[in-house]
Amino acid sequence: MSLDEATVARIARLARIATTDEERERLAGELSGILDWVEQLGDVDTESVEPMTGAIEMPLKSREDTVTDGGVAEDIARNAPRYAQGFLVVPKTVE
Amino acid sequence: MAATIEGATGVWEYAIGLEVHAQIVSNAKLFSGASTAFGAEPNANVSPIDAGMPGMLPVINMACIEQAVKTGLAIDGAVNAHSVFDRKNYFYPDLPQGYQISQYKQPVVSGGHLEIELEDGGTRRIGVERLHVEQDAGKSLHDRDPSSSHVDLNRSGVGLMEIVSHPDLRSPEEAATYVRKLRTILRYAGTCDGNMQEGSLRVDVNVSVRRPGGALGVRCEIKNLNSIRFLRRAIEVEASRQVGVLEAGGEIEQETRLFDVGRNVTRPMRGKEEAHDYRYFPDPDLPPLRLDRAWIDRIAASMPELPDARRARFMRDYGLSAYDAGVLVAEKENADFYEAAAEGRDKKLAANWVISELFGQLNKAGRTVDESPVGAAALGELIDLVADGAISGRIAKDVFAWMFETGKGAAAIVEEKGLRQVTDAGAIGAEIDGVMEREAAKVAEYRAGKHKLFGFFVGQVMRASGGKANPKAVNDILRAKLGG
């Protein structure tokens, strides 16, 4: 399966990764190679095999409905490039 | 009732489907131990998981799943023993993980339906396609600063149920009725508080139009309507926009739009070229959700009485009209109040008091039944006074108004104001004698055959007694004296 540069540009944009023309040309080749490699799995007959959901079969871990976390607003906010009055401050997201 | 739109070239029909996001009632979030409480200081209810910190792993709060299962059972859906959490990928500042954990191809509940009551007294069954569980995002505030947005992650990671209807709704009114009915069911089930002001219930609507009986048209989705009034208006303006486009020979483009309340129009969301490319895939941090059939059966066995069953019971056992029963069950608290006030009393009489007097006063005061100054027991006491003949129904209305104003008991007010009904024949006879003496001319006219004056005499006697005379006694004694 081969990806063209326009598809690479679209994938990069969805992932918010900036790419140059040269990078896209190179990436189109690399990603196509990876997809071809994975596509070999299509040769295997999986008709009677259940889809695998993880490398190790284990049940979903669960928690009780009790409040055990939070109350660290300052720590949370400090991870943002900017914060003010307890809020994370980001570039304006509406017109 | 189905409604139509009169276009320039003929009639069009609505086809409306709703996606309701209902915040799950729980103490902690869906995948973290942070609190779900509304109104906390910004970012106070945030764990590193909700903030999308690298290396944090989600651990499911099964109480949230139990709530979703309850809701699914309440709308007659099929609970799936096996469901899967997927990542829905998109970038937005209030989504710190860069993806929302949701359910895509294998939701926890499939199918279902609810009955909506129509204006003409009939009902209509609206199909539900699915109910899935997902994380809420944080909240962006845009009005705190002209050049930046402020993000509060308290809501990030709170459990939501997304309930998707079939495009079965045929008018803005039906859509509003559906949301009200779903809200009532959620509140009875105790799985969502239904508070639209606080954002516990948010609605996305899919609107399309078609010629009567024709195939479904291309739809547009209008996101994030947080009141039933705006839902109705958004559907109206979007449908007439679509009719305008189609009648001008244009085509509807499937897209997501926003409702601009101020200008009363819908407009496309920004960046729509990327919409609907969420690149879902199963969340590798979460194995499939497997539910034990016995566990589901236990939940089914513990379901509370739901609004339709309660309405039917009020009609069957209490003899209430469909309308009165519907009014009483719409809010669980109202139905609880009514049942407490009606306990051991005349059910219809109690229903009249709750609906016309109590709800009337509460509406005027802008209060809910939980804030009523007259409790169920106090109203019951008043109803007993009427039933026993201690006070007349008319006086009782005044007593109720005083109770509402002062919070005092019915019997105390009746004693204090001396309102006890007079049934004593001697006392009533004396009042009648007085009236007949004053109105001697009218008595003569009555005796000469002008019998329609009877009502006038009743009125005079009642007024003379300050409304306290027993009306039946007045009638009987008056008739005897006038006839004599």
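The values are calculated or read from the model by the stated rules, or taken from the named source; none is laboratory data. Note that this is a predicted model, so its numbers are computed, not measured. Reconstructed Cβ throughout: ideal geometry from the backbone, glycine too, with neighbour counts over all protein chains shown. Ligands, DNA and RNA are excluded from the accessible area calculation, which covers all protein heavy atoms including side chains. Shrake-Rupley method; radii C 1.70, N 1.55, O 1.52, S 1.80 Å.
Just to check your reading of the model, which residue among B:PRO172, B:PRO167, B:PRO107 is within 30 Å of B:ALA37 (Cβ to Cβ) and either in contact (Cβ under 8 Å) with a residue 24 or more places away in the chain or surrounded by 21 or more Cβ atoms within 10 Å (Cβ to Cβ) (or both)?
Details: B:PRO172 fails: within 30 Å of B:ALA37 (Cβ to Cβ); B:PRO167 fails: within 30 Å of B:ALA37 (Cβ to Cβ).
Result of the check over B:PRO172, B:PRO167, B:PRO107: B:PRO107.
If you check B:ALA410, B:ALA401, B:ALA464, B:ALA390, which single one turns out to be open to solvent by 30 Å² or more (accessible area, probe 1.4 Å), in contact with a helix residue (DSSP H, G or I) (Cβ under 8 Å, 6 or more places away or on another chain), assigned by TED's automatic domain parsing to the domain that holds B:TRP353 and in contact (Cβ under 8 Å) with a residue 12 or more places away in the chain? Show your work before the answer.
Details: B:ALA410 fails: open to solvent by 30 Å² or more (accessible area, probe 1.4 Å); B:ALA464 fails: assigned by TED's automatic domain parsing to the domain that holds B:TRP353; B:ALA390 fails: open to solvent by 30 Å² or more (accessible area, probe 1.4 Å).
Testing whether each residue is open to solvent by 30 Å² or more (accessible area, probe 1.4 Å), in contact with a helix residue (DSSP H, G or I) (Cβ under 8 Å, 6 or more places away or on another chain), assigned by TED's automatic domain parsing to the domain that holds B:TRP353 and in contact (Cβ under 8 Å) with a residue 12 or more places away in the chain leaves just B:ALA401.
What are the residues in segment B:383-427 that are modelled with pLDDT of 80 or more, of a type in the set (Asp, Glu) and over 23 Å from B:ILE355 (Cβ atoms), if any?
Scanning segment B:383-427 gives B:GLU415, B:GLU416.
Residues that are under 23 Å from the mean Cα position of the chain (by Cα), at least 3 per element: which helices (runs of 4 or more DSSP H) completely within segment A:4-95 meet that?
Details: elements: A:5-14, A:21-39, A:73-78.
It comes to A:5-14, A:21-39.
Looking at B:ASN80, B:ASN43, can you tell me which residue is within 9 Å of chain A (Cβ to nearest Cβ), touching a residue at least 40 places away in the same chain (Cβ under 8 Å) and among the polar types (S, T, N, Q)?
On the way: B:ASN80 fails: within 9 Å of chain A (Cβ to nearest Cβ).
Only one candidate passes the filter, namely B:ASN43.
Restrict the check to segment B:249-270 and report whether at least one residue is part of a helix (DSSP H, G or I) and either in the same structural domain as B:ILE116 (by TED's automatic domain parsing) or on the phi > 0 side of the Ramachandran plot (or both). Break it down into steps so the answer makes sense when it comes.
Here is the first cut: in segment B:249-270, the ones part of a helix (DSSP H, G or I) are none.
Among the residues of segment B:249-270, not one is part of a helix (DSSP H, G or I) and either in the same structural domain as B:ILE116 (by TED's automatic domain parsing) or on the phi > 0 side of the Ramachandran plot (or both), which makes the answer no.
Write out, first by first residue and then by second, each pair whose Cβ atoms fall under 6 Å of each other, whose residues are 6+ apart or on separate chains, and whose first residue, in segment B:221-248, is of a type outside the set (Phe, Trp, Tyr) while the second is open to solvent by 70 Å² or more (accessible area, probe 1.4 Å).
B:GLU247/B:ALA8; B:GLU247/B:THR9
Please go through segment B:304-316 and give me each residue that is open to solvent by 40 Å² or more (accessible area, probe 1.4 Å), in contact (Cβ under 8 Å) with a residue 24 or more places away in the chain and part of a helix (DSSP H, G or I), ordered by number.
Within segment B:304-316, just B:ASP308 meets the criteria.
Using the structure shown, decide if A:ALA73 is modelled with pLDDT under 90 and surrounded by 11 or more Cβ atoms within 10 Å (Cβ to Cβ). Quick ask: steps written out before the conclusion?
On the way: modelled with pLDDT under 90: no; surrounded by 11 or more Cβ atoms within 10 Å (Cβ to Cβ): yes.
When the stated conditions are applied, A:ALA73 does not pass them.
Of the residues B:THR191, B:THR177, B:THR123, B:THR184, which is free of Cβ contacts under 8 Å to residues at least 12 places away in the same chain and assigned by TED's automatic domain parsing to the domain that holds B:GLY33?
Of B:THR191, B:THR177, B:THR123, B:THR184, the one residue that is free of Cβ contacts under 8 Å to residues at least 12 places away in the same chain and assigned by TED's automatic domain parsing to the domain that holds B:GLY33 is B:THR123.
Go over the candidates B:ASN264, B:ASN224 one by one and state the one that is under 22 Å from the mean Cα position of the chain (by Cα) and not hydrophobic (A, V, I, L, M, F, W, C). Working first, answer last.
Numbers: B:ASN264 fails: under 22 Å from the mean Cα position of the chain (by Cα).
Result of the check over B:ASN264, B:ASN224: B:ASN224.
Those residues that are of a type in the set (Gly, Ala, Ser), open to solvent by 10 Å² or more (accessible area, probe 1.4 Å) and within 8 Å of another protein chain (Cβ to nearest Cβ), I need them from segment B:136-151; list them, please. Talk me through it step by step, then tell me what you get.
Narrowing segment B:136-151 to residues of a type in the set (Gly, Ala, Ser): B:137-138, B:140, B:147-149.
From what's left, open to solvent by 10 Å² or more (accessible area, probe 1.4 Å): B:137, B:140, B:147.
If the condition is that a residue be of a type in the set (Gly, Ala, Ser), open to solvent by 10 Å² or more (accessible area, probe 1.4 Å) and within 8 Å of another protein chain (Cβ to nearest Cβ), then B:SER140, B:SER147 are the ones that fit.
If B:THR4 satisfies every condition in (1) closer than 30 Å to A:ILE17 by Cβ; (2) in contact (Cβ under 8 Å) with a residue 60 or more places away in the chain; (3) open to solvent by 20 Å² or more (accessible area, probe 1.4 Å) but one, which is the exception?
Going through the list (1) closer than 30 Å to A:ILE17 by Cβ; (2) in contact (Cβ under 8 Å) with a residue 60 or more places away in the chain; (3) open to solvent by 20 Å² or more (accessible area, probe 1.4 Å), B:THR4 breaks only (1).
Out of segment B:318-339, which residues are buried (at least 18 other Cβ atoms within 10 Å of the Cβ), modelled with pLDDT of 95 or more and outside any helix (DSSP H, G or I)?
B:LEU320
Out of B:GLY194, B:GLY190, report the one residue that is under 22 Å from B:ILE65 (Cα atoms) and crowded, with 20+ Cβ neighbours inside 10 Å. I'd like the intermediate steps shown before the answer.
Working: B:GLY190 fails: crowded, with 20+ Cβ neighbours inside 10 Å.
Sole residue among the options that is under 22 Å from B:ILE65 (Cα atoms) and crowded, with 20+ Cβ neighbours inside 10 Å: B:GLY194.
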